[in-house]
Ligand code: GUN
């Protein structure tokens, strides 16, 4: 049986359309127009593309987008001063400082300076902690996108055996916490895991976030499993995920492609977080 392919592009477009509709509703009810400030320091070409994509996505759903492009030699103090200014602005509901930052800036310090109420990246320890205690507010965009894909592709999460391969702070750990929140029985695997193949074969839901091309073999996938591949690896054969796609697709119920799976979801979830930030801010006033 061939798996159904989870269309991340389409699902992301659906999410963006829902956000755009919510913005109209909010404005009609006299609420604020959500505003996202994106800060880029330096001229890393990949970061410039990401920031421009975020800016465009904001405009398409009717948000205000405030793009701040600072020179590579911007001091940490000046960046912190900008974050403080944005923290205080009523028309800015979300703040995103694009990573990586130049080496002379302490990224941790900058991320900590962003108000937890505007931390739409979900990187502030306050938001990480809220997720850990089961009361998530802003969840970082890639992990949130993984859960959205699972739900919208019809995966049964309640009581499911979920296996997350990879324990990074930005993907593996938060994905595991979110799956726990959905009442999965969660196993987190990593480089020291004994018999990874056997653990994966028990997974009803398998999330791969290791960054090793096609490390998860097709015959490690349980018949009927849902497979989410977070990996984006550049190889001589082009972009490939962490999962051996063709072989896995013969066994899975549903699987994400690379590219076109998790990737398109991240900006969609950023928009959702910014909308939530604007809603919460207008409720507090
Ligand atoms: N750089 C690459 N991805 C991200 C992200 O999700 N957030 C931020 N702030 N920087 C990034």
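The values are calculated or read from the model by the stated rules, or taken from the named source; none is laboratory data. If you're wondering where the values come from, they're calculated on a predicted model, not measured in any experiment. Backbone-built Cβ (ideal geometry, glycine too); neighbour counts: all protein chains shown.
Some notes on this structure:
- Those residues of the stretch 108-138 which are within 14 Å of the ligand (Cβ to nearest atom) and not in a helix (DSSP H, G or I), in sequence order: 114, 119, 120, 121, 122, 123, 124, 138
- Tally, over the stretch 21-46, of residues that are buried (at least 16 other Cβ atoms within 10 Å of the Cβ) and either within 19 Å of residue 271 (Cβ to Cβ) or modelled with pLDDT under 95 (or both): 12
- Where a residue in the stretch 134-159 is under 19 Å from residue 274 (Cβ atoms) and without any contact (Cβ under 8 Å) to a residue 60 or more places away in the chain and its partner, wherever it lies, is part of a loop (DSSP other than H, G, I, E, B) and within 16 Å of the ligand (Cβ to nearest atom), with Cβ under 7 Å and at least six apart: 140/121; 140/122; 140/123; 140/170; 143/171
- Scan of the stretch 222-237 for residues that are farther than 21 Å from residue 145 by Cβ and surrounded by 15 or more Cβ atoms within 10 Å (Cβ to Cβ), ordered by number: 222
- Residue satisfying condition, being more than 30 Å from residue 249 (Cβ to Cβ), within 15 Å of the ligand (Cβ to nearest atom) and in contact with a helix residue (DSSP H, G or I) (Cβ under 7 Å, 6 or more places away or on another chain), within set 19, 51, 38: 38
- Scanning the stretch 93-106 for residues that are out of contact with any strand residue (DSSP E or B) (no Cβ under 8 Å at 6 or more places or on another chain) and either at pLDDT below 95 or under 18 Å from residue 169 (Cβ atoms) (or both), we see that the one that is farthest from the ligand (Cβ to nearest atom) is 106.
- Qualifying position, being under 30 Å from residue 72 (Cα atoms) and either within 16 Å of the ligand (Cβ to nearest atom) or not in a loop (DSSP other than H, G, I, E, B) (or both), among 143, 174: 143
- Looking across 84, 158, 90, one residue alone is more than 16 Å from the ligand (Cβ to nearest atom) and either in contact with a helix residue (DSSP H, G or I) (Cβ under 6 Å, 6 or more places away or on another chain) or within 30 Å of residue 258 (Cβ to Cβ) (or both). It is 158.
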